[in-house]
1. Restricting the search to segment A:102-119, which residues are free of Cβ contacts under 8 Å to residues at least 24 places away in the same chain and either under 22 Å from the mean Cα position of the chain (by Cα) or within 7 Å of another protein chain (Cβ to nearest Cβ) (or both)?
2. Regarding segment A:123-130, can at least one residue be identified that is part of a strand (DSSP E or B), within 11 Å of another protein chain (Cβ to nearest Cβ) and on the phi < 0 side of the Ramachandran plot?
3. Can you tell which of B:37, B:71, B:100 is in contact with a strand residue (DSSP E or B) (Cβ under 8 Å, 6 or more places away or on another chain) and assigned to a helix (DSSP H, G or I)?
4. Only one of B:226, B:205 is more than 9 Å from every other protein chain (Cβ to nearest Cβ), within 20 Å of residue B:266 (Cβ to Cβ) and modelled with pLDDT under 95. Can you tell me which?
5. Filter segment A:69-85 down to residues that are more than 11 Å from every other protein chain (Cβ to nearest Cβ) and on the phi < 0 side of the Ramachandran plot and give me whichever is nearest to the chain's Cα centre (by Cα).
6. For segment B:186-201, state whether one or more residues are touching a residue at least 40 places away in the same chain (Cβ under 8 Å), out of contact with any strand residue (DSSP E or B) (no Cβ under 7 Å at 6 or more places or on another chain), part of a helix (DSSP H, G or I) and away from every other protein chain (no Cβ under 14 Å).
7. Can you find even one residue in segment B:45-60 that is surrounded by 15 or more Cβ atoms within 10 Å (Cβ to Cβ) and under 19 Å from residue B:245 (Cα atoms)?
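The values are calculated or read from the model by the stated rules, or taken from the named source; none is laboratory data. None of these values were measured; they are calculated from a predicted model. Here the Cβ positions follow ideal geometry from the backbone for every residue, glycine too, while neighbour counts run over all protein chains shown.
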């Protein structure tokens, strides 16, 4: 079943069409990857769906509900969460506080003014649970600006994941990571997928990562869909080979 | 019970209040209570503003607007209808806070449509509107003379007791209690989930939009809370100097708490309080001796910020765990 349907989505910046007539759907309970060369429009799809800016035309349907053009904070409340390509964490806050911030909103406590934050047991337990899940329990008290880039990327995913979204977008989760950190991220994504059952929609430039985690791959080229299928099918696809995979024969 | 718990967690407020209440009775000195009153009022002003600057990451150059609304509300109410009310002073202070809160809501609504630097410009513009209103509306505000002739301080009648407010000591007690209670409330808000949401907005407001937070709405709430307590500070200054003056709305008044925050520190609750002590104390003692006081203070500020890049308590907080332990 499709959890997210994007119909005829077009986004123009001035005269440049970043997306033209893109139609795709994400199936519930799968890891779908979106790949394509730089400038293909991957991040634009993310930004339009998560409400950073409205599309020029087209519709976005999430669980049967039209969410086109809703502001980001409303899209989040519907159950779509995202991480960012450029690390976008709360730098002066500690790892624990970063995760906790997402949970404050998720548990509906963001307008509580008078009870000290450390008196909310459920908040603390859930935060610890997420920290365990992402494996950063031992670094929980370090400010985010003092941890490694790889750990920061993981915090980034943890923040997006904390609210138990139904659909999570990961924008280049391994950007700037060394091979060791990349392996950790891949393991984490697989583990999160198995334990939480969340639907993942991932963009990624590292083809090894894409082919190892995805159930399904969508190839985007110059704002249009070039191919859509299982990793097996994509690997065999002549169009994709020509346009994109060409150089990286394994 | 819960309130007692909150008090225990912030016991330093009690210590501060007790200390301030005991000292003048041990060493009665009018000069002392005058300077302490002024420091406390400016400290409340700075702490309220820091809720916006230090904790939410928005700089307001127009907080004098709220200070003046508080000051003029208290001044006008007490001059015109003080005799008829049993609780005239507390009532006037409360009205000053409510009115400042409403003005903050209006100003906040418009200013938060813009981001960062234009937000700061617009707050400045709004405060100059309030200033112009005070100057022009002479029949109501006394124009550029201000509310002259003194502000009466009728007794506070409570539970059959009549507390005489004309003595400087009773006014001092009122100021200490009002400011310390405000410190406590603001500190409690900072430690709450809401307080942590606004810190996250300061660090990364864009990300908060993608975590279900309508950043603009939360910023307006902070401006209103900040405006309410700034209004109280304004009301207290009217009582303290026995008058309300256009000066309370002028843009230089908005700059004073900013200096205090810069000197004392913005990431620690007590930072602006320390800043208020230093700046008020220095200007009170030095300005009478040195004609070019402003020049010296400016130079001091430049050198200080070049060296430390942060307020005094920010530096201390980084270097020692003491401030965290004391829960300042």
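1. A:104, A:107, A:109, A:110, A:111, A:112, A:113, A:114, A:115, A:116, A:117
2. Among the residues of segment A:123-130, not one is part of a strand (DSSP E or B), within 11 Å of another protein chain (Cβ to nearest Cβ) and on the phi < 0 side of the Ramachandran plot, which makes the answer no.
3. None of the others qualify; the one that does is B:71.
4. Going through B:226, B:205 in turn, just one is more than 9 Å from every other protein chain (Cβ to nearest Cβ), within 20 Å of residue B:266 (Cβ to Cβ) and modelled with pLDDT under 95: B:205.
5. A:85
6. no
7. Yes, segment B:45-60 contains at least one residue that is surrounded by 15 or more Cβ atoms within 10 Å (Cβ to Cβ) and under 19 Å from residue B:245 (Cα atoms).
Yes or no, residue by residue, for (1) away from every other protein chain (no Cβ under 14 Å); (2) part of a loop (DSSP other than H, G, I, E, B); (3) within 26 Å of residue B:214 (Cβ to Cβ); (4) touching a residue at least 60 places away in the same chain (Cβ under 8 Å):
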residue	(1), (2), (3), (4)
A:6	yes, no, yes, no
A:10	yes, no, no, no
A:24	yes, no, no, yes
A:37	yes, yes, no, yes
A:48	no, no, yes, no
A:53	no, yes, yes, no
A:60	yes, no, yes, no
A:87	no, yes, yes, yes
A:98	no, no, yes, yes
